[in-house]
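Take a look at the structure set out below.
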Amino acid sequence: MIAFAGEGLTDFIVIKNLLIGFFNDKNLPVTRLLPKQTEPVGWGNLFNYLSTLEFREGVDYSDYTIIQVDTDKCEEWKDDLKHIGDDDSQVSTFIDKVITSLIKRIGSDYYYENEDKFLFAICIHDMECWLMPFNSNQPAHYSKMVGCQKAIENIAIKKGFSIHQKNYEEGKSYQTLSEDMKKNKILMQKHALNPSLKIFIETLQKAFPEKRSQKEII
């Protein structure tokens with residue numbers, strides 16, 4: 001079983017659909033540790049949760065636990081992290097720093113005792129950026145790392161809805177926007193267009209080498 005702890009319901013929906021596509025399994029069991037309900041959690045509540053006994057019990061019960069966080073507010077974390085803007089040359093190094101920050105909050109001793117159970121989904125700078133390759137018809141936007149919320153909202157409006165409507169709380173708009181992620185062929189074709197999404201998929205491939213697509217193996 002895969003567990004999820006992240007910033008909100010919409011993030012969980014996107015990650016779950018991505019996992020369904022990666023494993024090519026529409027019945028894939030993914031359980032939500034955080035958020036518990038439909039309300040947004042935010043990075044502050046997520047960070048507090050990572051140090052709790054409840055979180056550790058969830059990790060112990062699961063085969064893998066995915067920790068998701070956006071980095072748009074990283075300068076408020078008090079970890080000497082700096083916003084990297086759209087400089088894709090810094091993505092890998094920056095993600096390593098973010099993971100170090102998360103490990104500190106989990107607790108180094110506990111983390112390294114259970115290192116093989118943790119997977120990190122670091123969205124630079126917003127989860128909406130991971131949706132761009134699957135929704136935009138402008139190739140220049142596929143690798144977009146800043147201004148993604150506004151860009152996705154413009155796309156959503158053209159589709160006849162808004163990510164800011166009441167259905168945000170139920171995740172309906174994000175279910176629609178991440179629908180193509182559930183299709184293995186599309187996911188494996190497009191994930192590498194976004195720098196931080198590419199790194200997360202590579203993380204999954206290392207953890208589950210048997211799930212790599214036939215096209216990649218060939």
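The values are calculated or read from the model by the stated rules, or taken from the named source; none is laboratory data. Here the structure is a predicted model, which is why all the values come from computation and not from measurement. Here the Cβ positions follow ideal geometry from the backbone for every residue, glycine too, while neighbour counts run over all protein chains shown.
Remarks
- Scan of region 53-100 for residues that are surrounded by 12 or more Cβ atoms within 10 Å (Cβ to Cβ) and in contact with an Asp or Glu (Cβ under 7 Å, 6 or more places away or on another chain), ordered by number: GLN68, VAL69, ASP70, ASP72, LEU81, HIS83
- Taking the criterion of being among the β-branched types (Val, Ile, Thr) and within 17 Å of PHE200 (Cβ to Cβ), the residues of region 117-176 that qualify are ILE122, ILE124.
- The residues of region 143-167 that are in contact with a Ser or Thr (Cβ under 9 Å, 6 or more places away or on another chain) and crowded, with 18+ Cβ neighbours inside 10 Å, listed by number, are LYS144, MET145, ALA151, ILE152, ILE155, ALA156, ILE163.
- Of the residues screened, THR52 is not one that is at pLDDT 95 or above and in contact with a strand residue (DSSP E or B) (Cβ under 7 Å, 6 or more places away or on another chain).
- Meets criteria (of a type outside the set (Gly, Ala, Ser), closer than 28 Å to SER162 by Cα and crowded, with 22+ Cβ neighbours inside 10 Å) for THR31: no
- Given (1) surrounded by 23 or more Cβ atoms within 10 Å (Cβ to Cβ); (2) modelled with pLDDT of 95 or more; (3) of a type outside the set (D, E, K, R), number of the condition THR10 does not satisfy: (2)
- Pairing each residue of region 27-38 that is over 18 Å from LEU53 (Cβ atoms) with any residue that is among the acidic types (Asp, Glu), provided the two are 6+ apart or on different chains, yields C-beta distances under 6 Å for THR38/GLU169.
- Of everything in region 126-142 that is under 21 Å from VAL91 (Cβ atoms) and of a type in the set (S, T, N, Q), the residue that is surrounded by the most Cβ atoms within 10 Å (Cβ to Cβ) is ASN135.
- Looking across region 189-202, the residues that are in contact with a helix residue (DSSP H, G or I) (Cβ under 7 Å, 6 or more places away or on another chain) and either part of a helix (DSSP H, G or I) or at positive phi (or both) come down to LYS190, HIS191, ALA192, LEU193, PRO195, SER196, LEU197, LYS198, ILE199, ILE201.
- Helices (runs of 4 or more DSSP H) (entirely within region 106-172) containing at least 1 residues that are closer than 20 Å to PRO40 by Cβ: 127-135, 148-159
- Any chance PHE94 is in a helix (DSSP H, G or I) and under 14 Å from ALA5 (Cβ atoms): no
- SER89 being over 24 Å from PRO195 (Cβ atoms) and over 18 Å from the mean Cα position of the chain (by Cα): no
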